[in-house]
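Data first, discussion second: the structure below is written as structure tokens.
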Number of protein chains: 2
Amino acid sequence: MTCLQTTILEKINSPEDVKKLSIEEMNILACEIRKGILNRVNQIGGHLGPGLGMVEATIALHYVFNSPVDKFVFDVSHQCYPHKMITGRKEGFTEPTEHPEISGYFNYKESPHDPFMIGHTSTSVSLATGLAKARDLKGEKYNVIALIGDGSLSGGEAFEGLNNASVLGTNFICIVNDNEMSIAENQGGLYKNLQELRETKGQAVNNFFKTFGFDYIYVENGNDIQDLIEAFNKVKDIDHPVVVHIHTLKGKGYEPAVTDKESGHWALAGFMDKKENNISEVPECYETLTNNYLIEKTKQDKDVIAITSATPGVFWWNKDFRAKLGKQYTDVGIAEEHAVAYASGLAKNGAKPVYAVMTSFVQRTYDQLSQDLALNNSPATILVYWGGISSADATHLGLYDISMISNIPNIVYLAPTCKEEYLKMLDWSVEQTQYPVAIRIPTANYVSTGVEDNTDYSDLNKYKMTEKGADVAIVGLGDYYWLGKEVKDELLNSGINATLINPRFITGLDKDMLNSLKAEHKLAITLENGILNGGFGEKIASFYGNSDVKVLNYGAYKEFNDRVSMDELMTRYRLKKELIIEDIKNCL
Amino acid sequence: MTCLQTTILEKINSPEDVKKLSIEEMNILACEIRKGILNRVNQIGGHLGPGLGMVEATIALHYVFNSPVDKFVFDVSHQCYPHKMITGRKEGFTEPTEHPEISGYFNYKESPHDPFMIGHTSTSVSLATGLAKARDLKGEKYNVIALIGDGSLSGGEAFEGLNNASVLGTNFICIVNDNEMSIAENQGGLYKNLQELRETKGQAVNNFFKTFGFDYIYVENGNDIQDLIEAFNKVKDIDHPVVVHIHTLKGKGYEPAVTDKESGHWALAGFMDKKENNISEVPECYETLTNNYLIEKTKQDKDVIAITSATPGVFWWNKDFRAKLGKQYTDVGIAEEHAVAYASGLAKNGAKPVYAVMTSFVQRTYDQLSQDLALNNSPATILVYWGGISSADATHLGLYDISMISNIPNIVYLAPTCKEEYLKMLDWSVEQTQYPVAIRIPTANYVSTGVEDNTDYSDLNKYKMTEKGADVAIVGLGDYYWLGKEVKDELLNSGINATLINPRFITGLDKDMLNSLKAEHKLAITLENGILNGGFGEKIASFYGNSDVKVLNYGAYKEFNDRVSMDELMTRYRLKKELIIEDIKNCL
């Protein structure tokens, strides 16, 4: 680990210090900020290309505007690293020991220069519209500046925000950072208009932003500090809504991130020393299983289609995968709502859509899951990745999918425990025509039992009793089945021969099996890798409410944890074998 | 009740019959369809203006296209009555006994001419994009036609759909029905562009639809069958995405619905004989309480602001109310996501936003509640109307708000039981600065106890034990507290003196009180006016899981009921006093 030597950055403790710099010094600062980004990301991982492209714009913004009186809202905040370095948090980038102290996202708990905590896309314009309206109600005067990337524009919330911000009638500045990329390529008709605007240097008459009535300024050299300062000075203290469309280079200053902007969007620690990931080199896992399945299945069946909403890389859907699927692959851009409705339409018309989505982002489509998909009983498949307790940022927790999805009627939400079950469930889901199906990809472990799964999952809500015992029944959902197995095995040492159950179905109770347990069991425990509230275990507790079977539910509490260690969480939630056994013994 | 006499309509049993008509006959058919709409709505209530404005267009669509081979998707389906009359369901409009048999919404269970069940807005383009893509995967050829009103365009899902539909590269026809209205007035910058397009007869170069790359046709006389047929013939079998922008008159044919388009959007049974609603004439209710409070509060405090997403009429926010609030009122249009993020921004910047929303539509903003609002702990107030078990259409059930909202961290979700609690909660919420607060407006009853509520709701999760007894504890949430009270009183006749509890807080357990009950209670029952799954009662069951207190949870099952009678539902869910008492006696 190395501390970063800087000449200008070391003097920057607040935006005030930027205002004292010459253009030449600001250009040096830009270099040093880039080094800071690379330094941090190489140490602890994080978003690379977005920040690298926004260095000059961020310096110019802080040179022209007066944060925190003037208020910046950074969309998704992938690009907020330069802002953090300028606003008193540079040690999070220059001092390795300080890296973990500073979040990778906009965070109001860290600084008054971050009005919000932000990590999902397409929110900045709406949030900033609220800030501006509050300012106006109070009769105050300052600038409200929403920053949004071209990629984030495709999300519906951004559109709703633009539609409303444009009629505020007062100061509102929307900086559109157009680096010609979303996380992967941009998707959709809108991007042809952005291209036209770039090609005409903002002169094209047909102008997406002007259709809302925004005033509009274009900056071709969005990495030129002088040009940016001139543009921002033009709009500072403006009395009406304006869009400043700046054309930047994603990844600027680190050639591999410019050459391959998609791979350079985010990087793991140590990326500067490693070669490109190659899907064929990695060990078998749920990603490789899924992708091999989809490649074979789409070959055999032209109705099968894989869908992502802007995050193909998360599922290792690399260029080779996409090329193999061809027309049987759709990236809808950042547009989770559309993705679900689109999948419903596909399924309703006889196709076999498989929509892969991260837990944290499936939240963006509750109503579409309910109204477009479930109400219509469209037989689409949704693969929910990254669900479970983690030490992630508060903006990207994977805890809420069970309480969200499993309480919507009609959806069959499945929790495989191993490779064999997963593949069987996946193929069953793709081929069946009766239900919307979601499958929760295990994250806590990867297990292959080697035993083929011959279950017909059309026989809904049938739990599998894998080991029959007495006194205690352990119901381990999905990847936590294996924690249940550990508990079961350890209990044998205390002379307790517990029953072990793999429920497989999150969305329904196996009442016959649960009733059958009443005769010889005093206690049922449930284990789930997600929030307890509204989750799987509470339903078991409710079922046994009117019986002599006691119930203990294990899972996460309802809270937004921000980068809390797994060990601390597992202890807090008593999700450790020895703690569970202690509870069981106390209860018997 | 009268059956409608018709000359042309009576011969229309399918779209094939429309194709045989002359223009003159189609114009007669238009008159008869209008009579059908008025007849039905006057008998059983429903959407009035949207269908009246779309009569000619619907006739022309069925004349030109070949449903159900060609596929229509009607956004929100407020305007689908003429379509239903043409596609074999005219008796639902002409024969009073048949009216209730036909849903007021697009419904795939009713007819192959309705590919989906639809009742929420802004979904048609995405759903139709899925249909079109499935068609293309299969190598089939036919037209896919999405209809969407100008009002629905403001919803983010519609934008996401347009962005993706525009690059399909194959046949896709989007009919934009521009009647210059949403449910109330349109809101946002987009509508200036639609106005410009209307004023230039579609010739304006700056064109919202063209920014996505859509081909574009404008039809000024959107109520002229001949013009419409010509336009639709031009786009029939087109090989790329096109928008047909038709300018129609909302309410056409019924003058009061033309003169006052907002009031004419939807009408109660008997509307043709009644005078305009006047808010001062109605008895006290939660709507009048809220509105009187907001009128007074906004006068006293310029930071208080009321927000709706396009449904002011639902809360009786009539023109007088809006005028009184002036700048302290925002209608964001159909844009629930924006509404929540906007409220968060307002609250974060010191304003006091109150966002009123219907249960069925708060579903459209899960991620904004979680990320924009709760994660930021912004002290906004959300009033959730129309929650509870009802005999509504499956598209508009008010059952899911508790399982959705109450499992998101940080939000305080309150359930008042009476006027006095509601007003206290409302004012507390508006004035406090610590939490996002949602309040569930009672629907099952309106009670004023006359006893002032002096609770400090900052002391979170303190339940109120209103009657102390033993053996059985009845926890009645919100409006179902009164059902609990009935059960409590009736049990006295059987010598059981139950404890009665008003929890008031949906989002947290009063562990002290619940623990204290263990000593003298064998059974706790919970009553909630919403879905059991993921709801309030299951959390009580989980809490008591490891104790000797048995628990019975009462509420709705996880299902999409479509216009099922309240009596049937309450029996099915055993939510009747005598059934609950029967269960209690069986359990003790």
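The conditions are (1) out of contact with any Phe, Trp or Tyr (no Cβ under 9 Å at 6 or more places or on another chain); (2) at pLDDT 95 or above; (3) farther than 30 Å from residue A:561 by Cα; (4) not in a helix (DSSP H, G or I), and residue A:10 fails exactly one of them. Which is it? The failed condition is (4). Within segment A:41-71, being under 22 Å from the mean Cα position of the chain (by Cα), in a helix (DSSP H, G or I) and surrounded by fewer than 24 Cβ atoms within 10 Å (Cβ to Cβ) holds for A:42, A:43, A:44. Just one of the listed residues (B:170, B:200) is among the β-branched types (Val, Ile, Thr), touching a residue at least 12 places away in the same chain (Cβ under 8 Å) and over 20 Å from residue A:372 (Cβ atoms), and it is B:170.
If you check B:176, B:144, B:167, B:205 for being in contact with a Lys or Arg (Cβ under 7 Å, 6 or more places away or on another chain) and among the hydrophobic types (A, V, I, L, M, F, W, C), only one passes: B:144. Screening residue B:291 with (1) free of Cβ contacts under 8 Å to residues at least 60 places away in the same chain; (2) surrounded by fewer than 20 Cβ atoms within 10 Å (Cβ to Cβ); (3) out of contact with any Ser or Thr (no Cβ under 8 Å at 6 or more places or on another chain) gives one miss only, at (2).
If you go through segment A:466-497, how many residues are farther than 21 Å from residue A:538 by Cβ and in contact with a strand residue (DSSP E or B) (Cβ under 8 Å, 6 or more places away or on another chain)?
Result for segment A:466-497: 12.
What residue, among those in segment B:287-325 that are of a type outside the set (D, E, K, R) and part of a loop (DSSP other than H, G, I, E, B), is nearest to the chain's Cα centre (by Cα)?
B:311
Restricting segment A:184-204 to residues that are in contact with a strand residue (DSSP E or B) (Cβ under 8 Å, 6 or more places away or on another chain) and at positive phi, the residue that is nearest to the other protein chains (Cβ to nearest Cβ) is A:202.
Among residues of segment A:406-433 being out of contact with any Gly (no Cβ under 6 Å at 6 or more places or on another chain) and facing chain B (nearest Cβ under 10 Å), the one that is nearest to residue A:568 (Cα to Cα) is A:406. Do we find a residue being within 14 Å of chain A (Cβ to nearest Cβ), buried (at least 18 other Cβ atoms within 10 Å of the Cβ) and in contact with a strand residue (DSSP E or B) (Cβ under 8 Å, 6 or more places away or on another chain) anywhere in segment B:91-106? Yes, segment B:91-106 contains at least one residue that is within 14 Å of chain A (Cβ to nearest Cβ), buried (at least 18 other Cβ atoms within 10 Å of the Cβ) and in contact with a strand residue (DSSP E or B) (Cβ under 8 Å, 6 or more places away or on another chain).
Of the residues making up segment B:169-225, those that are more than 23 Å from residue A:198 (Cα to Cα), buried (at least 23 other Cβ atoms within 10 Å of the Cβ) and aromatic (Phe, Trp, Tyr) are B:172, B:191. Is it the case, given these coordinates, that residue A:362 is more than 7 Å from chain B (Cβ to nearest Cβ) and part of a strand (DSSP E or B)? When the stated conditions are applied, residue A:362 does not pass them. Taken as a whole, the structure places residue A:188 among residues that are within 29 Å of the chain's Cα centre (by Cα), within 30 Å of residue A:339 (Cα to Cα), of a type in the set (Gly, Ala, Ser) and assigned by TED's automatic domain parsing to the domain that holds residue A:142.
For segment B:395-449, a residue qualifies if it is among the β-branched types (Val, Ile, Thr), farther than 25 Å from residue B:558 by Cβ and in a helix (DSSP H, G or I), and exactly one does: B:430. Checking each residue of segment B:348-357 against the condition of being facing chain A (nearest Cβ under 8 Å), assigned to a strand (DSSP E or B), over 21 Å from residue B:535 (Cα atoms) and modelled with pLDDT of 95 or more gives at least one match.
Once segment A:107-140 is narrowed to residues that are closer than 21 Å to residue A:364 by Cβ and either aliphatic (A, V, I, L, M) or away from chain B (no Cβ under 14 Å) (or both), the residue that is surrounded by the fewest Cβ atoms within 10 Å (Cβ to Cβ) is A:117.
With respect to residue B:533, is the statement that it is within 17 Å of residue A:546 (Cα to Cα), of a type in the set (S, T, N, Q) and free of Cβ contacts under 8 Å to residues at least 12 places away in the same chain true? In short, no.
Here the strands (runs of 3 or more DSSP E) wholly within segment B:481-578 that include at least 3 residues being modelled with pLDDT of 95 or more and within 14 Å of chain A (Cβ to nearest Cβ) are B:521-531, B:550-556.
The values are calculated or read from the model by the stated rules, or taken from the named source; none is laboratory data. Computed from a predicted structure; not experimentally measured. Methodologically, a virtual Cβ is constructed for each residue, glycine included, from the backbone with ideal geometry; neighbour enumeration extends over all protein chains shown.
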